Each structure stands twice: as structure tokens, then as C-alpha cells.
1. Give me log10 I(q)/I(0) at q = 0.15, 0.17, 0.21, 0.22 Å⁻¹ for the chain, Debye formula, one equal scatterer per alpha-carbon, no solvent.
2. Got a sec to turn the phi values of the stretch 18-26 into Karplus ³J(HN,Hα) couplings, 6.51 cos²θ - 1.76 cosθ + 1.60 with θ = phi - 60°, whole Hz, x for Gly and Pro?
3. Which far-off residues, 5 or more places away or on another chain, put their amide H under 5 Å from the one on ASP80, with H placed in the peptide plane?
4. Each residue of the stretch 40-53 in order: what ³J(HN,Hα) in whole Hz does its phi give by Karplus 6.51 cos²θ - 1.76 cosθ + 1.60, θ = phi - 60°, with x for Gly and Pro?
5. For the chain, what is the relative contact order in percent, using Cα pairs closer than 8 Å and at least 6 residues apart in sequence?
6. Under a plain spin-label model, where a point goes 7 Å from the Cα along Cα-to-Cβ, how far apart in nm are TRP30 and SER83?
Amino acid sequence: MAWLLVVVAGILETGFAVCLKLSHGFTRLWPTIAFAAFALSSFGLLTLALKRLDVGPAYAVWTGIGAAGTAIYGMVFLGDLVSALKIVSITLVIVGVIGLQLSGSAH
């Protein structure tokens with residue numbers, strides 16, 4: 001259950017990063033409100049998950065999902081540059097997070 005919280009929190013991290021861009025420096029109301037809701041929800045779920053998980057692997061999964069998800073969302077929906085290097089780099093982030101998780105956790 002704790003890992004599910006981390007995954008959902010990571011997806012919400014993608015949401016707050018995208019809304020942060022869409023808020024145009026907090027000058028647009030609804031993206032700013034969405035940013036705050038996504039951020040509070042993401043941090044809240046991560047906090048709950050950290051009661052049962054080691055901080056290193058959990059934080060790595062959370063940030064990995066957020067970073068990869070945001071980059072992918074940007075390329076697919078926001079017109080961000082798509083390049084082979086960017087795709088390889090996202091893949092390496094995901095592989096690194098998986099490797100860290102597989103390296104051992106006490107729980």
C-alpha cells in the first residue's frame with residue numbers, strides 16, 4: 001500500500017510541475033489553484049508513505065516518476081523538443097530508480 005501511495009504521489013508531482021508552467025508565474029488563477037492542490041496532495045501522500053518506507057528509494061521513485069512523467073507530458077502535450085537523447089535520458093532515470101529499489105529495502 002505504501003508503494004501505491006508513492007506512485008500516486010509521483011503522478012501528482014507531474015501534475016503540479018505541469019500546472020506550475022501553465023500558471024505563468026502564478027499569474028493565472030486556475031492553474032495556480034491546481035498547482036497547489038496537486039502539490040499538497042503529492043507531498044501529503046509521500047509523507048504517509050514514508051512512515052513505512054526507507055526515504056532513499058521512496059524519494060527516488062517519487063522524483064523519478066515526477067521527472068519522467070513531466071518530461072513525457074511536455075513532449076506529448078506541450079510541444080517540448082523530442083530527441084533521442086531526451087528519450088534515452090528519461091529511460092536512464094527510470095532504470096536508475098528501478099535499480100535503486102532493487103538494491104534493497106528493509107521493508
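Every read-out reported here was derived from the displayed coordinates using simple, explicitly stated rules and does not represent laboratory data. Keep in mind the model is a prediction, meaning the values are calculated, not measured. Every residue, glycine among them, receives a Cβ derived from its backbone with ideal geometry; neighbour counts consider all protein chains shown.
1. Treating every Cα as an identical point scatterer, log10 I(q)/I(0) equals -0.66, -0.81, -1.07, -1.12.
2. Once θ is set to phi - 60°, the couplings for the stretch 18-26 become 5, 5, 4, 5, 5, 6, 6, x, 6 Hz.
3. Amide H to amide H, under 5 Å and 5 or more residues apart or across chains, ASP80 pairs with MET75.
4. 4, 5, 4, 5, x, 5, 4, 4, 4, 5, 5, 5, 10, 10
5. Reported as a whole number, the value is 33 percent.
6. According to this spin-label approximation, the distance is 3.4 nm.
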